[in-house]
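Reading through the structure tokens given below for one structure.
Throughout, read-outs are computed from the coordinates displayed, never taken from laboratory work. Keep in mind it's a predicted model, so treat the numbers as computed, not measured. Note: ideal-geometry Cβ built from the backbone for every residue, glycine included; neighbour counts use all protein chains shown.
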Amino acid sequence: MRTGEQAHTGDAALMYSGYANGGSYDHAYMQVYGFNGAPLTVRGDTTLSYRILPQSNATTPWVSAGSNDSTCVAVDLTFTDGSNLRDAGSGLHPADQCGHLTLDTWNHVTVNLGALKAGQTISKILLGYDHPDATGGYRGYVDDLSIG
């Protein structure tokens, strides 16, 4: 969590950053929250919503000029059966987000979890980066995450 930098609401947001080395499996999945024995059940009307601000070289020196690597990021969920949201046909696989998010502005992302995973239980919230063969830095912020 970072305070005093970028936030959609309030004064803090989750910052993500990293560096891809050009490998065919350049990815990183970091746990943001674990439900520790009290998983959250997905109802038919449950949605996931969050704001994401992927940065470009215009707003941070950590990203190469002309790169869209910061857009290859998405919130992911792990379910108690071992499956993940990114593989559920949600369109929210981080690699699917590459170039679809707008750099240097807050993007609003929503997914109807109930249509994909009703009755499943969420065990972890993750933040994932996935951009095979990418080289260079990526950086941005996530805020206002909601599951309800």
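See the values below:
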| quantity | calculated |
| --- | --- |
| Relative packing of 72-80, 1-9, which averages over residues the other C-beta atoms within 10 Å, highest first | 72-80, 1-9 |
| Given charges at beta-carbon only (K, R positive; D, E negative), |dipole| of the chain in Debye | 240 debye |
| Label assignment, Rg/Rh (Cα atoms, Kirkwood Rh) derived from the structure, set (1) 0.92; (2) 1.26; (3) 0.97 | (3) |
| Convex hull of Cα atoms in the range 1-54, direction-averaged projection (nm²) | 6.4 nm² |
| Cut-off 13 Å between beta-carbons: net charge of the residues surrounding HIS93, Lys and Arg +1, Asp and Glu -1 | -3 |
| Counted charge near ASP69, where neighbours are those whose Cβ lies closer than 15 Å (Asp, Glu -1; Lys, Arg +1) | -4 |
